[in-house]
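**Student:** Below is a structure I'd like to ask you about.
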Amino acid sequence: MSAFKEFPIRWGMVIDIDKCTGCGACTVACNKENNIAPQPQQLERIAGKGFPTRFKKLEWLTVYELSNGVQGSGHDTAYLPRPCMQCGMPSCVSVCPATATDKNENGGIVSQIYPRCFGCRYCMASCPYHARVFNWDQPVYPDGMEKQLTPNVSVRSRGVVEKCNFCHHRWMYAKDAARVAGEDPNALPEDAYIPACAEACPTGAIYFGDVKNPEHKVYELIHSPYTFRLLERLGTDPQVYYMSKREWVRRQGDNYLENEAGPVAHGNGGLHG
Amino acid sequence: MVKKTSSSGGALPFFVGFVAMLFVGWWAFPRMLFSEVQQPIRFSHVVHVEEQEMACEDCHFLNEDGSFNGIPSTASCAECHSDVLGEDPDEAKFVEQYVNEEKEVEWLVYQYQPDNVFFSHAAHQGKDCTTCHPDVAKSDTPPTYYQNKLTDYSNGGYKIVFGRGVGVDPAYSRGTMKMWECERCHAENGQSNACYVCHR
Ligand code: SF4
Ligand code: SF4
């Protein structure tokens with residue numbers, strides 16, 4: 001099946017897990033940039049009923065903790081920030097009865113149109129990365145916080161699904177800046193467009209750019225032997241890449257069984273394109 | 001056989017009722033649905049464009065970062081209107097109530113779009129403003145702003161005849177652009193109609 005188009009631009013994120021300290025600055029930056037309201041009710045609900053948090057908390061970018069499972073001095077930990085993978089083959093798109101989510105624009109970002117979504121949550125069920133979250137409550141901004149909302153991002157109401165969109169609005173504004181400066185909006189230089197999480201990361205673990213543009217850093221990075229993608233064997237063809245020199249991290253990235261061979265350090269898994 | 005006779009008197013009452021319903025549906029109801037609002041200041045484009053020979057871009061320009069300046073702030077109007085220049089009572093009102101008080105005017109935007117719409121003026125630079133906006137440059141008194149009481153959006157300003165916005169009367173604003181209008185123009189010009197081109 002190749003129902004999804006290839007685009008001349010392919011926005012990609014490369015996250016260097018070995019650089020990530022798990023500080024969570026990316027998550028905070030994302031919440032602020034994308035007008036995600038604090039959710040005390042949700043946290044109470046989770047505490048009270050023990051619901052799995054991944055389905056309850058509104059957060060587009062979650063940092064997971066990984067462990068190599070070894071006891072004692074051999075123990076090792078890693079942190080894995082997980083935005084939406086902007087899959088090349090997004091299962092969320094094909095299941096949506098409302099065409100509220102689509103992958104139809106140059107750049108390959110999977111869109112989510114909130115007023116069109118009626119909250120069936122098929123997409124959430126289909127997403128293998130739990131990248132999507134549901135608004136169980138109307139957002140409530142504490143006094144004064146509504147003055148800090150990002151005017152470039154719409155506020156979502158109760159009853160719709162939302163997810164990371166690579167801070168798509170920042171791309172639109174970067175294109176506008178290029179147009180006014182008389183440059184080509186479809187050939188943005190490195191870092192003209194950069195999502196909030198990548199900008200906020202204090203260790204510079206998140207790289208962002210067009211993976212098809214040789215002038216962007218990510219072009220090289222995705223071809224590193226230490227680069228892998230999450231659950232690559234599902235064939236979702238994510239646009240988010242991870243890097244780690246630690247083999248156990250790469251193995252966990254695709255759920256390899258203990259005695260299974262691989263993954264071979266070979267770059268992007270050959271599923272590209 | 002019993003001959004059927006109308007107990008209500010034939011066609012006339014039907015006709016009267018029919019006309020009454022048309023009147024309610026086409027005339028009375030739309031008036032109930034929209035409130036008519038006037039701009040806080042009677043701003044004359046004619047004075048600025050024709051008499052002072054200003055260009056649209058003198059006030060409505062693109063910023064260096066690519067964003068659109070939109071309606072000028074009180075401070076930029078005050079570059080000329082720091083004092084009352086003419087005879088117009090609305091100009092005096094503007095200087096007294098807004099320039100001297102350092103307050104922004106709450107202008108009514110006929111084309112105000114919902115929160116989730118992304119529109120780039122930079123991308124549409126080549127288009128004539130009146131493709132989407134009413135031709136306010138020729139208006140001495142800004143058009144009446146018809147505000148939908150349910151949605152708060154401008155209706156916009158289509159002259160309401162027989163319950164529907166009819167034609168595009170230059171004296172009235174064209175109102176908020178509808179999604180199909182954006183989509184049609186994009187399609188006709190070979191531009192993408194992907195969701196995220198216009199939504200955020
Ligand atoms: S929850 Fe919304 S976006 Fe997801 S499948 Fe249903 S309608 Fe589509
Ligand atoms: S990560 Fe999930 S939500 Fe994002 S494109 Fe893939 S399937 Fe859709």
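The values are calculated or read from the model by the stated rules, or taken from the named source; none is laboratory data. Note that the structure is a prediction, hence the values are computed from the model and not measured. Quick reminder, even Gly has a Cβ in these numbers, built from the backbone with ideal geometry, and neighbours come from all protein chains shown. Side chains included, ligands, DNA and RNA excluded: accessible areas come from the protein's heavy atoms. Shrake-Rupley method; radii C 1.70, N 1.55, O 1.52, S 1.80 Å.
**Student:** Of all the helices (runs of 4 or more DSSP H) wholly in region B:1-93, which have at least 3 residues that are loosely packed, with under 14 Cβ neighbours inside 10 Å, at pLDDT 85 or above and more than 14 Å from chain A (Cβ to nearest Cβ)?
**Tutor:** It comes to B:11-22.
**Student:** Given the conditions (1) under 26 Å from B:GLU36 (Cβ atoms); (2) open to solvent by less than 50 Å² (accessible area, probe 1.4 Å), and given that B:VAL99 satisfies all but one, which numbered condition is not satisfied?
**Tutor:** (1)
**Student:** Considering A:LEU66, A:LEU58, which residue is within 15 Å of ligand 1 (Cβ to nearest atom) and away from chain B (no Cβ under 14 Å)?
**Tutor:** A:LEU58
**Student:** Related question: Provide a single number: the residues in region A:133-169 that are touching a residue at least 12 places away in the same chain (Cβ under 8 Å), within 12 Å of chain B (Cβ to nearest Cβ) and out of contact with any strand residue (DSSP E or B) (no Cβ under 7 Å at 6 or more places or on another chain).
**Tutor:** 11
**Student:** Considering region A:72-113 alone, what residues qualify as being open to solvent by less than 10 Å² (accessible area, probe 1.4 Å), at positive phi and away from ligand 1 (no atom under 16 Å from the Cβ)?
**Tutor:** Those that are open to solvent by less than 10 Å² (accessible area, probe 1.4 Å), at positive phi and away from ligand 1 (no atom under 16 Å from the Cβ): A:GLY107, A:GLY108.
**Student:** Please work out if A:CYS201 is more than 22 Å from A:ALA98 (Cα to Cα), touching a residue at least 60 places away in the same chain (Cβ under 8 Å) and either within 16 Å of ligand 2 (Cβ to nearest atom) or among the β-branched types (Val, Ile, Thr) (or both).
**Tutor:** No; evaluated as a whole, the condition is false for this residue.
**Student:** Quick one: A:PRO81 ticks every box in (1) touching a Phe, Trp or Tyr at 6+ places or on another chain (Cβ under 9 Å); (2) at pLDDT 95 or above; (3) within 24 Å of A:SER157 (Cβ to Cβ) except a single one, so which number is it?
**Tutor:** Condition (3) is where A:PRO81 drops out.
**Student:** So how many residues does region B:112-123 have that are more than 10 Å from every other protein chain (Cβ to nearest Cβ) and either open to solvent by less than 40 Å² (accessible area, probe 1.4 Å) or at pLDDT 85 or above (or both)?
**Tutor:** Residues in region B:112-123 being more than 10 Å from every other protein chain (Cβ to nearest Cβ) and either open to solvent by less than 40 Å² (accessible area, probe 1.4 Å) or at pLDDT 85 or above (or both): 1 in total.
**Student:** For region A:120-155, how many residues are open to solvent by 10 Å² or more (accessible area, probe 1.4 Å), at pLDDT 90 or above and within 14 Å of ligand 1 (Cβ to nearest atom)?
**Tutor:** 10
**Student:** Please determine, by comparing only the residues of region A:156-179 that are more than 16 Å from ligand 2 (Cβ to nearest atom) and out of contact with any Ser or Thr (no Cβ under 9 Å at 6 or more places or on another chain), which one is most open to solvent (accessible area, probe 1.4 Å).
**Tutor:** Selected residue: A:ARG158.
**Student:** Then there's this: Hey, can you tell me all the residues within region A:218-239 that are of a type outside the set (Gly, Ala, Ser), in contact (Cβ under 8 Å) with a residue 40 or more places away in the chain and over 19 Å from A:TYR256 (Cα atoms)?
**Tutor:** Scanning region A:218-239 gives A:VAL218, A:LEU221, A:ILE222, A:HIS223, A:GLN239.
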